[in-house]
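A short write-up of the structure that comes next.
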Amino acid sequence: MRTVVTGGAGFLGSHLCERLLADGHEVLALDNFLTGTPHNVAHLMENDAFRLVKADVTDYVHVPGPVDQVMHFASPASPIDYLQLPIETLKVGSTGTLHALGLAKEKGARFLLASTSETYGDPQVHPQPETYWGHVNPVGPRGVYDEAKRYAEALTMAYHRTHGVDTAIVRIFNTHGPRMRPNDGRAIPAFTSQALTGKPITVAGDGSQTRSIIYVDDLIEGILRLLRSDLTGPVNIGNPHETSVLHLAETIKRLTGSNSEIVFIDRPVDDPSIRQPDITVAKRDLGWEPKVQFEEGLARTIGWFGEHSDLVVV
């Protein structure tokens, strides 16, 4: 199998490339390095089945030779990124998705879109099933990411219905693990970096807002099961273990043995109050559910940050 991964040098993309290679795929990773980095896949470069190409999927996508699968993971994905790169985020969700779908159509390949739980916005249904249409502010600052992904989903389904492209949509919930950027603005890398350096741990609001976090290995397993199925989706892949942001900060402080003080800062605009996936579809149709326990996953991520202390800048 020859698989094209857009955003292949990003956090999730690099883990995906690693697992595909381990499963015997030939992998072509495309990335413009806007938020990804070649360092994430440096350990894969000696594998003859792997190739990394600097390319911007919003410009053009051409891949010579056969392609069996196209996995579209290119996009800024953390708040600090898409708030600083709003137009780039919208372009990769729209034009980038169009080009990736065009490649899949041309090659007769299965196409998998990396969508997000952010399509649910600040949900009024809890937990969130795939049938829920969401509650998104299209003109708010987060709308550039939320609506880019919602448009990407609509475009994917249009190609499926109009051109018969074999498509799948995965809605990814909060994920953590090695190769996260410590300054990407997400809670776990921020809390971990702060705890390891003794800086105050900054919790937004009163910390009562909830998240459901999943360790990256579990996520990749779920995504590949969807890829290798005949499901169109969307399918939630996430951990239904819901926790408050304050409890997450307290747990990271305890696991790191840190003396950092927990302080409270203003919540971002349109910050979701609750987040929890309904994974009934994934359990029933893919035989998938997360295996890595909450604290075990956090300990692994903290361990990676501890081993890469040169990256931790707060």
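Just so it is clear, none of the values below were taken in a lab; they were calculated from the coordinates. Not measured: the values here are computed from a predicted model. Cβ: placed from backbone, ideal geometry, glycine included. Neighbour counts: every protein chain shown.
Residue selection: Ser117 fails the criterion of being in contact with a Gly (Cβ under 8 Å, 6 or more places away or on another chain) and more than 29 Å from Asp230 (Cβ to Cβ). Of the residues making up the stretch 230-256, those that are assigned to a loop (DSSP other than H, G, I, E, B) and within 19 Å of the chain's Cα centre (by Cα) are Thr232, Gly233, Pro234, Gly238, Asn239, Pro240, His241.
When the stretch 273-294 is filtered for residues that are farther than 19 Å from Gln209 by Cα and in contact with a helix residue (DSSP H, G or I) (Cβ under 8 Å, 6 or more places away or on another chain), the ones remaining, listed by number, are Ala282, Leu286, Gly287, Trp288, Glu289, Pro290, Lys291, Val292. Number of residues in the stretch 136-173 that are loosely packed, with under 14 Cβ neighbours inside 10 Å, of a type in the set (Val, Ile, Thr) and in a helix (DSSP H, G or I): the value is 1.
Only one of Asp206, Asp217, Asp184 is assigned to a loop (DSSP other than H, G, I, E, B) and closer than 29 Å to Thr3 by Cα. Can you tell me which? Going through Asp206, Asp217, Asp184 in turn, the sole match is Asp184. Going through (1) under 23 Å from Leu224 (Cα atoms); (2) more than 19 Å from the chain's Cα centre (by Cα); (3) not β-branched (Val, Ile, Thr) one by one, Gly140 falls short only on (1).
The residue list Val67, Val63, Val57 contains one member that is over 22 Å from Ser115 (Cβ atoms) and assigned to a loop (DSSP other than H, G, I, E, B), which is Val63.
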